[in-house]
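Asker: Take a look at the following structure, please.
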Amino acid sequence: MTADGKAAEVHDHFGSAPFFTVYDTEGDTIEVIANDNAHHQHGTCLPTNILSECKIDAVLCRGMGLRAVNKLNEANVRVYKADGAAVSDVIAAFKEHRLQQLTADNACDQHKCH
């Protein structure tokens, strides 16, 4: 999830990110997809609808609500908390297994809403 269409900076919250940056670990390629549902009421985003065609197995983000974490987990997608602002730094941390997995216990902890 990124703030701009250039895959440069990670957005603060998953559902309201204007773009999703999809990184293919095998091909070392990046694709940027517009989030047509970025302007939604809190708790009503449907991330699996947007990302279902990408065949992802992990999402790296700075913040995500419980409902989105659960929806992604139901689709066998793990969610990790991205430490850092640059997409390249977050990808490097993921490759080095340095990211914390988001769960029902720590989802959306920056908002203290769960």
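None of the figures in this text is laboratory data; all of them are computed from the coordinates on show. Since the structure is predicted, the reported quantities are computational estimates derived from the model, not experimental observations. No Cβ is skipped: glycine too gets one built from the backbone with ideal geometry, and neighbour counts run over all protein chains shown.
Asker: From the phi angles alone, apply the Karplus equation (6.51, -1.76, 1.60; θ = phi - 60°) to the range 55-69 and give each ³J(HN,Hα) in whole Hz, x where the residue is Gly or Pro.
Answerer: 6, 8, 10, 8, 10, 10, 8, 8, x, 7, x, 4, 4, 5, 4
Asker: Residue by residue through the range 97-102, which ³J(HN,Hα) values in whole Hz follow from phi under the Karplus form 6.51 cos²θ - 1.76 cosθ + 1.60 (θ = phi - 60°), with glycine and proline marked x?
Answerer: 6, 9, 9, 7, 6, 7
Asker: For Leu99, Leu66, what ranking results if the residue with the fewest other Cβ atoms within 10 Å of its Cβ goes first?
Answerer: Leu66, Leu99
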